[in-house]
1. Which one of 58, 98, 85 is within 28 Å of residue 139 (Cβ to Cβ), of a type outside the set (Asp, Glu) and within 10 Å of the ligand (Cβ to nearest atom)?
2. Is it the case, given these coordinates, that residue 66 is free of Cβ contacts under 8 Å to residues at least 60 places away in the same chain, touching a Lys or Arg at 6+ places or on another chain (Cβ under 9 Å) and within 12 Å of the ligand (Cβ to nearest atom)?
3. I'm trying to understand the selection: among the residues of segment 147-174, which are assigned to a helix (DSSP H, G or I), among the β-branched types (Val, Ile, Thr) and either in contact with a strand residue (DSSP E or B) (Cβ under 8 Å, 6 or more places away or on another chain) or at pLDDT below 95 (or both)?
Amino acid sequence: MKKSHANQNIILTGFMGTGKTTVGRLLAETLSYQLIDTDVWITERTGRTIPQIFAQDGEAGFRALEREAAAALAQRTGLVIATGGRMMLDPHNARVLGKTGLVFCLVATPKEILSRVTEDPKGIERPLLQVPNPLQRITDLLNERRPLYERFPQIITSGKTIQQVVQEILFALE
Ligand code: S3P
C-alpha cells in the first residue's frame, strides 16, 4: 500500500450480497486492519436486529442509525468498513466517510446476489428482500441504485475468488 494511504480507512460499498463483509474480512486480515460491518455495529449499538429496527422504526429509522454509524466511524482510522448496501448512496454518509479513506464498490449480477443472500445466514436479516419475488426486487433496486453505485470505483466479483477480489483492491491501493 502507498505510504500516503497508510492507515486510511477502506470503505466497501455495493448491493446486498456482493461480498462486502466476506471480502472485507480477508482484506482487513491482510492489512492488519479492523473490520467493521455497519449492520453489526448498528445491531450492537441498539441491541436490536436489522429486521426489528425496520419493523419498529421503519426504514427511515434505520437510515438515521446508518448516519450515526457514519459519523462515529469517521472518527477512526485503520478500518475496513463493510457498509450496508445503501449506506454510501446517502450523500451525507458518502461525504463523511469518503473523507477518511478510499471507497470501492463491489459488483455482482442479480442472480449471483440472490444465490448469495439465500445461502448467507444473513439472508433472513434483509427486510427489503422479504417479498414474493426477490429476484425482481433485486433487479428493480439495482436499476434504481446503479447510477449512484457507479460514482465509486467498481470491482467486479463475478467469477472471481475472494482472494482475487482482495488482490484487485490491494493492487488499486498501490
Ligand atoms: C440494505 C442492505 C443491508 C442492510 C439493510 C438494507 C440495503 O446490508 O443494511 O438490510 O438497503 O441495501 P447488506 O448490504 O450488508 O446486506
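The values are calculated or read from the model by the stated rules, or taken from the named source; none is laboratory data. Predicted model, so just to flag it, every value in this text is computed and none were measured. All Cβ positions, glycine included, derive from the backbone under ideal geometry; neighbour counts span all protein chains shown.
1. Being within 28 Å of residue 139 (Cβ to Cβ), of a type outside the set (Asp, Glu) and within 10 Å of the ligand (Cβ to nearest atom) holds for just one of 58, 98, 85, which is 85.
2. yes
3. Passing the criteria: 165, 169.
Condition check ((1) more than 15 Å from the chain's Cα centre (by Cα); (2) more than 22 Å from residue 8 (Cα to Cα)) across all residues:
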site	(1), (2)
85	no, no
89	no, no
144	yes, yes
148	no, yes
152	no, no
165	no, no
172	yes, no
